[in-house]
Amino acid sequence: MARVWASFWAVTLSLAAPQAVLQQGPLSPRTPPHAAAKMPPADIRVDASLALIPVHVTTADGAFVTDLSKESFHVFEDNFEQQITYFAKDDALVSIGVLLDTSASMQHKMRRCSAAAASVLHTANAEDEFFLIEFNDRPKLTVPFTNDTDQLYRRLVRAGPFGRTSLLDAVHLASVQMKNARNTRKAVLVISDDGDNHSRLSRSGARSDVLESDMQLYAIGIFESGPGKNRPSEELNGPDLLADLANKTGGRQYRVDNLNELGDVADPYQRRMPNEYLLGFAPASAQRDGKYHRVRLTVESTAGTDLRTYYRRGYYAPSQ
(Lines give C-alpha, C1' and ligand atoms only; values in the text may rest on other atoms or scores of the structure.)
Protein backbone atom coordinates (compact mmCIF):
# COMPACT_ATOMS: atom_id res chain seq x y z
CA MET A 1 0.00 0.00 0.00
CA ALA A 2 3.05 2.20 -0.23
CA ARG A 3 2.04 4.33 -3.19
CA VAL A 4 -1.49 4.52 -1.96
CA TRP A 5 -0.54 6.10 1.24
CA ALA A 6 2.10 8.26 -0.27
CA SER A 7 -1.10 9.60 -1.79
CA PHE A 8 -3.30 9.43 1.29
CA TRP A 9 -0.84 10.22 4.03
CA ALA A 10 1.51 12.54 2.26
CA VAL A 11 -0.64 14.87 4.30
CA THR A 12 1.63 17.83 4.14
CA LEU A 13 -0.85 19.48 6.49
CA SER A 14 0.52 22.96 6.18
CA LEU A 15 -1.61 23.59 9.20
CA ALA A 16 0.62 26.17 10.73
CA ALA A 17 -0.64 28.28 7.81
CA PRO A 18 -4.00 26.68 6.93
CA GLN A 19 -5.17 29.49 4.68
CA ALA A 20 -2.31 28.77 2.29
CA VAL A 21 -3.53 25.19 1.87
CA LEU A 22 -7.07 26.27 1.16
CA GLN A 23 -5.98 28.93 -1.29
CA GLN A 24 -3.71 26.82 -3.48
CA GLY A 25 -6.41 26.54 -6.10
CA PRO A 26 -7.06 23.59 -8.42
CA LEU A 27 -5.53 20.30 -7.36
CA SER A 28 -3.12 18.31 -9.49
CA PRO A 29 -3.15 14.57 -8.66
CA ARG A 30 0.06 12.66 -9.22
CA THR A 31 0.49 10.09 -11.96
CA PRO A 32 0.38 6.53 -10.55
CA PRO A 33 3.42 4.27 -10.93
CA HIS A 34 3.11 1.27 -13.24
CA ALA A 35 4.01 -1.01 -10.34
CA ALA A 36 0.58 -0.48 -8.77
CA ALA A 37 -1.10 -2.59 -11.42
CA LYS A 38 1.13 -5.54 -10.60
CA MET A 39 -0.01 -5.93 -7.03
CA PRO A 40 -2.75 -8.39 -6.00
CA PRO A 41 -5.91 -7.08 -4.34
CA ALA A 42 -4.99 -6.10 -0.79
CA ASP A 43 -8.23 -7.25 0.81
CA ILE A 44 -8.17 -8.95 4.17
CA ARG A 45 -11.33 -10.90 3.36
CA VAL A 46 -10.41 -14.46 2.53
CA ASP A 47 -11.35 -15.73 -0.93
CA ALA A 48 -10.78 -19.26 -2.21
CA SER A 49 -7.17 -19.41 -1.15
CA LEU A 50 -5.63 -16.27 0.33
CA ALA A 51 -6.14 -13.70 3.06
CA LEU A 52 -4.02 -10.56 2.90
CA ILE A 53 -3.15 -8.39 5.90
CA PRO A 54 -1.52 -4.94 5.74
CA VAL A 55 0.99 -4.37 8.56
CA HIS A 56 3.01 -1.41 9.85
CA VAL A 57 5.98 -1.91 12.16
CA THR A 58 7.60 0.82 14.26
CA THR A 59 10.05 1.10 17.10
CA ALA A 60 8.84 2.21 20.53
CA ASP A 61 9.60 5.83 19.65
CA GLY A 62 7.60 5.69 16.42
CA ALA A 63 10.37 5.21 13.82
CA PHE A 64 9.31 2.99 10.93
CA VAL A 65 11.02 -0.38 10.48
CA THR A 66 11.34 -1.17 6.77
CA ASP A 67 13.99 -3.91 6.50
CA LEU A 68 12.13 -6.94 7.89
CA SER A 69 11.92 -10.24 6.03
CA LYS A 70 9.06 -12.70 5.80
CA GLU A 71 10.75 -14.84 8.45
CA SER A 72 10.40 -11.98 10.94
CA PHE A 73 6.60 -12.35 11.01
CA HIS A 74 4.30 -14.95 12.52
CA VAL A 75 0.56 -14.93 11.81
CA PHE A 76 -2.04 -16.77 13.88
CA GLU A 77 -5.69 -17.31 13.00
CA ASP A 78 -7.87 -18.26 15.97
CA ASN A 79 -4.59 -19.04 17.85
CA PHE A 80 -3.28 -21.43 15.17
CA GLU A 81 -0.13 -20.34 13.35
CA GLN A 82 -0.50 -19.97 9.60
CA GLN A 83 2.13 -20.30 6.89
CA ILE A 84 2.88 -16.97 5.23
CA THR A 85 2.75 -17.62 1.50
CA TYR A 86 2.83 -14.05 0.23
CA PHE A 87 5.09 -11.21 1.38
CA ALA A 88 5.51 -7.79 -0.22
CA LYS A 89 5.34 -4.05 0.16
CA ASP A 90 1.83 -3.02 -0.85
CA ASP A 91 1.39 -0.48 -3.65
CA ALA A 92 -2.25 -0.66 -4.68
CA LEU A 93 -4.83 1.96 -5.56
CA VAL A 94 -7.18 3.07 -2.81
CA SER A 95 -10.74 4.24 -2.28
CA ILE A 96 -10.74 6.91 0.42
CA GLY A 97 -13.56 8.42 2.42
CA VAL A 98 -12.96 11.72 4.21
CA LEU A 99 -15.27 12.23 7.21
CA LEU A 100 -15.22 15.86 8.32
CA ASP A 101 -16.83 17.00 11.58
CA THR A 102 -18.89 20.14 10.89
CA SER A 103 -20.65 20.34 14.26
CA ALA A 104 -20.93 23.60 16.22
CA SER A 105 -17.95 22.73 18.42
CA MET A 106 -15.75 23.04 15.33
CA GLN A 107 -16.45 26.77 15.09
CA HIS A 108 -12.86 27.87 15.75
CA LYS A 109 -11.22 24.79 14.23
CA MET A 110 -12.96 24.41 10.88
CA ARG A 111 -10.40 26.19 8.71
CA ARG A 112 -7.46 24.15 9.99
CA CYS A 113 -9.34 20.88 9.84
CA SER A 114 -10.58 21.64 6.32
CA ALA A 115 -6.97 22.37 5.43
CA ALA A 116 -6.00 18.91 6.69
CA ALA A 117 -8.56 17.28 4.42
CA ALA A 118 -7.52 19.49 1.49
CA SER A 119 -3.90 18.39 1.97
CA VAL A 120 -4.95 14.78 1.38
CA LEU A 121 -6.42 15.79 -1.94
CA HIS A 122 -3.37 17.79 -3.02
CA THR A 123 -1.25 14.60 -2.94
CA ALA A 124 -3.81 12.21 -4.43
CA ASN A 125 -2.98 9.77 -7.16
CA ALA A 126 -4.92 10.40 -10.38
CA GLU A 127 -6.46 6.90 -10.19
CA ASP A 128 -7.43 6.96 -6.52
CA GLU A 129 -11.03 7.81 -5.73
CA PHE A 130 -12.52 9.86 -2.92
CA PHE A 131 -15.80 10.72 -1.30
CA LEU A 132 -16.62 13.33 1.32
CA ILE A 133 -19.01 12.99 4.24
CA GLU A 134 -19.74 15.98 6.48
CA PHE A 135 -21.43 15.26 9.78
CA ASN A 136 -23.20 17.37 12.41
CA ASP A 137 -26.82 16.66 13.41
CA ARG A 138 -26.73 13.98 10.75
CA PRO A 139 -24.14 12.74 8.26
CA LYS A 140 -24.39 13.89 4.66
CA LEU A 141 -22.64 12.48 1.62
CA THR A 142 -21.74 15.83 0.11
CA VAL A 143 -19.47 14.44 -2.63
CA PRO A 144 -19.89 10.83 -3.85
CA PHE A 145 -16.99 8.80 -5.23
CA THR A 146 -14.99 10.80 -7.73
CA ASN A 147 -11.48 11.17 -9.14
CA ASP A 148 -12.11 14.91 -9.47
CA THR A 149 -10.36 16.22 -6.36
CA ASP A 150 -11.24 19.79 -7.32
CA GLN A 151 -14.87 18.93 -6.64
CA LEU A 152 -14.06 17.94 -3.06
CA TYR A 153 -11.80 20.94 -2.66
CA ARG A 154 -14.59 23.34 -3.61
CA ARG A 155 -16.88 21.69 -1.07
CA LEU A 156 -14.31 21.79 1.73
CA VAL A 157 -13.80 25.54 1.51
CA ARG A 158 -17.57 26.04 1.93
CA ALA A 159 -17.97 23.81 4.99
CA GLY A 160 -19.54 25.59 7.94
CA PRO A 161 -20.07 24.36 11.53
CA PHE A 162 -23.42 23.96 13.29
CA GLY A 163 -25.43 21.40 15.26
CA ARG A 164 -24.44 18.35 17.24
CA THR A 165 -22.13 15.40 16.44
CA SER A 166 -23.32 12.18 14.76
CA LEU A 167 -19.91 10.56 14.31
CA LEU A 168 -21.05 6.92 14.53
CA ASP A 169 -23.79 7.50 11.97
CA ALA A 170 -21.13 9.03 9.70
CA VAL A 171 -19.03 5.87 10.02
CA HIS A 172 -22.08 3.81 9.06
CA LEU A 173 -22.75 6.00 6.02
CA ALA A 174 -19.10 5.59 4.99
CA SER A 175 -19.37 1.80 5.20
CA VAL A 176 -22.46 1.90 2.99
CA GLN A 177 -20.70 4.14 0.48
CA MET A 178 -17.69 1.81 0.42
CA LYS A 179 -19.89 -0.87 -1.18
CA ASN A 180 -19.54 1.21 -4.35
CA ALA A 181 -15.73 1.35 -4.10
CA ARG A 182 -13.82 0.51 -7.26
CA ASN A 183 -10.59 -0.43 -5.46
CA THR A 184 -10.09 -3.30 -3.05
CA ARG A 185 -8.04 -1.13 -0.68
CA LYS A 186 -10.46 1.00 1.32
CA ALA A 187 -9.83 3.53 4.08
CA VAL A 188 -11.50 6.43 5.84
CA LEU A 189 -9.98 9.47 7.50
CA VAL A 190 -12.04 10.95 10.34
CA ILE A 191 -11.28 14.54 11.36
CA SER A 192 -13.22 15.38 14.51
CA ASP A 193 -12.85 17.23 17.80
CA ASP A 194 -14.87 15.08 20.17
CA GLY A 195 -17.00 11.99 20.63
CA ASP A 196 -20.60 11.38 19.64
CA ASN A 197 -23.76 12.97 21.03
CA HIS A 198 -26.39 12.54 18.33
CA SER A 199 -26.06 9.17 16.53
CA ARG A 200 -28.71 6.51 16.25
CA LEU A 201 -26.08 3.83 15.68
CA SER A 202 -24.42 2.23 18.68
CA ARG A 203 -20.70 1.91 19.21
CA SER A 204 -20.84 -1.84 18.66
CA GLY A 205 -22.82 -1.27 15.47
CA ALA A 206 -20.15 1.10 14.15
CA ARG A 207 -17.44 -1.43 15.01
CA SER A 208 -19.27 -4.11 13.04
CA ASP A 209 -19.68 -1.77 10.10
CA VAL A 210 -15.97 -1.02 9.76
CA LEU A 211 -14.98 -4.67 10.16
CA GLU A 212 -17.47 -5.98 7.64
CA SER A 213 -16.60 -3.30 5.10
CA ASP A 214 -12.86 -4.14 5.24
CA MET A 215 -11.88 -0.49 5.50
CA GLN A 216 -9.05 0.84 7.62
CA LEU A 217 -10.02 3.78 9.80
CA TYR A 218 -7.61 6.60 10.60
CA ALA A 219 -8.45 9.59 12.73
CA ILE A 220 -7.14 12.98 13.68
CA GLY A 221 -8.82 13.50 17.03
CA ILE A 222 -8.76 17.07 18.35
CA PHE A 223 -9.35 16.99 22.09
CA GLU A 224 -8.51 20.32 23.65
CA SER A 225 -7.61 20.02 27.31
CA GLY A 226 -9.74 21.61 29.99
CA PRO A 227 -11.49 20.92 33.31
CA GLY A 228 -13.14 17.53 33.04
CA LYS A 229 -16.17 18.52 35.09
CA ASN A 230 -17.11 21.14 32.51
CA ARG A 231 -16.81 18.85 29.52
CA PRO A 232 -19.64 16.59 28.28
CA SER A 233 -19.20 12.82 28.60
CA GLU A 234 -19.17 12.29 24.83
CA GLU A 235 -16.18 14.61 24.53
CA LEU A 236 -14.37 12.91 27.39
CA ASN A 237 -14.99 9.54 25.71
CA GLY A 238 -14.03 10.81 22.27
CA PRO A 239 -10.37 9.69 22.33
CA ASP A 240 -11.31 6.17 23.40
CA LEU A 241 -14.08 5.95 20.80
CA LEU A 242 -11.89 6.90 17.84
CA ALA A 243 -8.91 4.85 19.07
CA ASP A 244 -11.08 1.73 19.42
CA LEU A 245 -12.46 2.00 15.89
CA ALA A 246 -9.00 2.70 14.45
CA ASN A 247 -7.21 -0.11 16.27
CA LYS A 248 -9.79 -2.73 15.30
CA THR A 249 -9.21 -2.01 11.62
CA GLY A 250 -5.42 -1.76 11.61
CA GLY A 251 -5.57 2.02 11.38
CA ARG A 252 -4.53 4.53 13.99
CA GLN A 253 -5.74 7.58 15.83
CA TYR A 254 -3.52 10.62 16.25
CA ARG A 255 -4.59 12.70 19.20
CA VAL A 256 -4.21 16.48 19.23
CA ASP A 257 -4.71 18.19 22.61
CA ASN A 258 -3.95 21.67 21.34
CA LEU A 259 -5.07 23.10 18.02
CA ASN A 260 -1.61 24.56 17.51
CA GLU A 261 -0.21 21.02 17.53
CA LEU A 262 -2.08 19.97 14.40
CA GLY A 263 1.02 20.46 12.30
CA ASP A 264 2.92 17.98 14.47
CA VAL A 265 0.80 15.08 13.23
CA ALA A 266 1.81 15.71 9.62
CA ASP A 267 5.03 13.71 9.61
CA PRO A 268 3.57 10.40 10.87
CA TYR A 269 0.82 10.61 8.27
CA GLN A 270 3.31 11.39 5.51
CA ARG A 271 5.45 8.33 6.24
CA ARG A 272 3.03 5.74 7.58
CA MET A 273 1.57 4.10 4.50
CA PRO A 274 4.66 4.09 2.30
CA ASN A 275 6.16 1.72 4.89
CA GLU A 276 3.53 -0.99 4.94
CA TYR A 277 4.09 -4.72 4.59
CA LEU A 278 1.52 -7.02 3.05
CA LEU A 279 1.31 -10.57 4.39
CA GLY A 280 -0.77 -13.32 2.82
CA PHE A 281 -1.74 -16.75 4.10
CA ALA A 282 -4.07 -19.57 3.12
CA PRO A 283 -6.31 -20.28 6.14
CA ALA A 284 -5.76 -23.86 7.24
CA SER A 285 -9.44 -24.39 7.99
CA ALA A 286 -10.61 -22.81 4.71
CA GLN A 287 -13.97 -22.29 6.36
CA ARG A 288 -16.70 -20.58 4.39
CA ASP A 289 -18.91 -19.95 7.38
CA GLY A 290 -19.44 -16.20 7.06
CA LYS A 291 -18.03 -15.76 10.57
CA TYR A 292 -15.42 -13.41 11.96
CA HIS A 293 -12.00 -15.03 12.39
CA ARG A 294 -9.47 -13.37 14.67
CA VAL A 295 -5.93 -12.75 13.48
CA ARG A 296 -2.90 -12.20 15.71
CA LEU A 297 0.52 -11.18 14.47
CA THR A 298 3.94 -11.14 16.09
CA VAL A 299 7.24 -9.84 14.77
CA GLU A 300 10.81 -10.72 15.73
CA SER A 301 13.59 -8.16 15.94
CA THR A 302 17.10 -9.36 15.14
CA ALA A 303 18.56 -6.31 16.90
CA GLY A 304 16.57 -6.88 20.07
CA THR A 305 14.61 -3.67 19.53
CA ASP A 306 11.15 -3.35 21.03
CA LEU A 307 8.85 -3.32 18.00
CA ARG A 308 5.20 -2.34 17.68
CA THR A 309 2.81 -3.62 15.02
CA TYR A 310 -0.38 -2.13 13.59
CA TYR A 311 -2.62 -4.48 11.63
CA ARG A 312 -6.22 -5.52 11.12
CA ARG A 313 -7.29 -7.96 13.84
CA GLY A 314 -9.47 -10.30 11.82
CA TYR A 315 -11.63 -10.93 8.75
CA TYR A 316 -15.05 -12.25 7.79
CA ALA A 317 -14.91 -15.52 5.87
CA PRO A 318 -17.17 -15.91 2.83
CA SER A 319 -20.53 -17.44 3.58
CA GLN A 320 -20.49 -19.86 0.65
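Descriptive notes on the structure:
- Of the strands (runs of 3 or more DSSP E) lying entirely inside the range 46-142, the ones with 2 or more residues being touching a residue at least 60 places away in the same chain (Cβ under 8 Å) and within 24 Å of Tyr311 (Cα to Cα) are found at 51-59, 73-77, 80-82, 84-89, 94-101.
- Applying the set (1) touching a residue at least 60 places away in the same chain (Cβ under 8 Å); (2) surrounded by fewer than 21 Cβ atoms within 10 Å (Cβ to Cβ) to Val176 leaves exactly one unmet item: (1).
- Check on Ser213, closer than 16 Å to Asn247 by Cα and modelled with pLDDT under 85: yes
- Any hit, the range 153-161, residues being buried (at least 23 other Cβ atoms within 10 Å of the Cβ) and under 16 Å from the mean Cα position of the chain (by Cα): no
- Which listed residue, of Glu234, Glu134, Glu129, is at pLDDT below 85 and of a type outside the set (S, T, N, Q): Glu234
- The residues of the range 122-139 that are closer than 17 Å to Ala174 by Cβ and under 19 Å from the mean Cα position of the chain (by Cα), listed by number, are Asp128, Glu129, Phe130, Phe131, Leu132, Ile133, Glu134, Phe135, Pro139.
The values are calculated or read from the model by the stated rules, or taken from the named source; none is laboratory data. In this text the structure is predicted, and so the values were computed from the model without any measurement. Counting neighbours? That spans all protein chains shown, and the Cβs are built from the backbone with ideal geometry, glycine included.
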